[in-house]
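Engineer: Dropping a structure here in structure tokens format, bear with me for questions.
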Amino acid sequence: MAEFINLSSYRFVTLNGLPALRSELEVVCRDAGLKGTILLSPEGINLFVAGSRAGVDRLLGDLRGRPGLHDLEAKESISDHAPFDHMRIKIKREIIAFGVEGIHPDRHTSPKLSARQLKQWLDEGRPITLLDTRNEYEARIGTFTGALRLGIDHFRDFPAAVRQLPESLKDQPVVMFCTGGIRCEKAGPLLEREGFRSVHQLEGGILRYFEQCGGAHYTGECFVFDQRVGVGPDLLATGAVLCEACQMPVRKAEQVAPDYLAGNHCPSCVRDRPRAGLSSASD
């Protein structure tokens, strides 16, 4: 059976000549047999692609040969099928939509906390607030135990949700996390601007934590923005699917529930008001 390498990476860096860059990368990805999504913007690059080992290595080699991307880091997982149907390279205003002026992750981000350091803090019972910066439809199938969820439907709702948090949290250590780290690059400076005094971001996000620490202190799985829908601490697909009616993730255990009827409704349809606007691009 063929093995597919699922690759995700991002970098905040000033990029120019985006139409030409898109054309060049289209050729590279076509020749390498890759599928997925690459987002390009003046603030950087964000990518999720899948293909053979040789294919993803070819793309990384090309990107690392470009100014500002020489040390581009990537996270990998393996699947037995390609989780994307097409290859798309898009030019966007932002590589992760936030809509807040004056946030420049290429110049300033909050201090990063390694996965192993976070696990040590949690093992020790250190008093911290774990802040899930993801959307609620992602957090509902898995998050760190005891994490604070904001209940947002879009990352652009994050600033308003932060302003509703208790003032007392501003004096406590906060460790933010997301899927791969990209949202925290913008969330951290926003929290600092709002008066939070001790802010850290989980380096590499949940996926890096799974890679280095497994599922310790984590409950459930991690939502991913491809056909796998969810991966477990072993970074393998969990069997989760998206409800065709409301586009909410449905865990494998929920697929045998009376409230689930494939193509019709799921427990979320019954329990909650359906959420619209599920995006196909993430961190």
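The values are calculated or read from the model by the stated rules, or taken from the named source; none is laboratory data. Quick caveat, the model's predicted, so the values are computed rather than measured. Note that each Cβ is placed from the backbone with ideal geometry, even for glycine, and that neighbours are counted across all protein chains shown.
Engineer: Given the criterion of a type in the set (A, V, I, L, M), closer than 18 Å to L207 by Cβ and not in a helix (DSSP H, G or I), identify the matching residue among V49, V56.
Structural biologist: Selected residue: V49, the only one of V49, V56 that is of a type in the set (A, V, I, L, M), closer than 18 Å to L207 by Cβ and not in a helix (DSSP H, G or I).
Engineer: Just to check your reading of the model, which residue among G146, G151, G99 is at positive phi and over 19 Å from the mean Cα position of the chain (by Cα)?
Structural biologist: Exactly one of G146, G151, G99 is at positive phi and over 19 Å from the mean Cα position of the chain (by Cα), namely G146.
Engineer: Being assigned to a loop (DSSP other than H, G, I, E, B), within 23 Å of A240 (Cα to Cα), charged (D, E, K, R) and assigned by TED's automatic domain parsing to the domain that holds Q201 narrows it down to one residue among D153, D85; which is it?
Structural biologist: Just a single option satisfies the conditions, and that option is D153.
Engineer: Does R30 satisfy being more than 18 Å from the chain's Cα centre (by Cα), of a type in the set (K, R) and part of a loop (DSSP other than H, G, I, E, B)?
Structural biologist: On the way: more than 18 Å from the chain's Cα centre (by Cα): yes; of a type in the set (K, R): yes; part of a loop (DSSP other than H, G, I, E, B): no.
Considered against the rule, which asks whether it is more than 18 Å from the chain's Cα centre (by Cα), of a type in the set (K, R) and part of a loop (DSSP other than H, G, I, E, B), R30 comes out as no.
Engineer: Can you report the number of residues in segment 141-188 which are among the β-branched types (V, I, T) and within 22 Å of L47 (Cβ to Cβ)?
Structural biologist: 2
Engineer: Tell me whether segment 60-79 contains one or more residues that are among the polar types (S, T, N, Q), in contact (Cβ under 8 Å) with a residue 24 or more places away in the chain, surrounded by 21 or more Cβ atoms within 10 Å (Cβ to Cβ) and outside the structural domain of T179 (by TED's automatic domain parsing).
Structural biologist: Yes: segment 60-79 contains one or more residues that are among the polar types (S, T, N, Q), in contact (Cβ under 8 Å) with a residue 24 or more places away in the chain, surrounded by 21 or more Cβ atoms within 10 Å (Cβ to Cβ) and outside the structural domain of T179 (by TED's automatic domain parsing).
Engineer: Okay, next question. When the residues of segment 111-137 are filtered to those that are charged (D, E, K, R) and outside any helix (DSSP H, G or I), which remaining residue is farthest from the chain's Cα centre (by Cα)?
Structural biologist: Only one residue tops the list, namely R126.
Engineer: Sticking with this structure for a sec: Pick out, from segment 170-267, the strands (runs of 3 or more DSSP E) lying fully within it that include 3 or more residues that are in contact with a helix residue (DSSP H, G or I) (Cβ under 8 Å, 6 or more places away or on another chain) and crowded, with 20+ Cβ neighbours inside 10 Å.
Structural biologist: So the answer is 174-177, 199-202.
Engineer: Could you tell me whether R93 is at pLDDT 95 or above, surrounded by 14 or more Cβ atoms within 10 Å (Cβ to Cβ) and in contact with a Ser or Thr (Cβ under 7 Å, 6 or more places away or on another chain)?
Structural biologist: no
Engineer: Starting from residues that are among the aliphatic types (A, V, I, L, M) and part of a helix (DSSP H, G or I), keep the ones in segment 59-79 and report whichever is nearest to N16 (Cα to Cα).
Structural biologist: Ranking the candidates gives L63 first.
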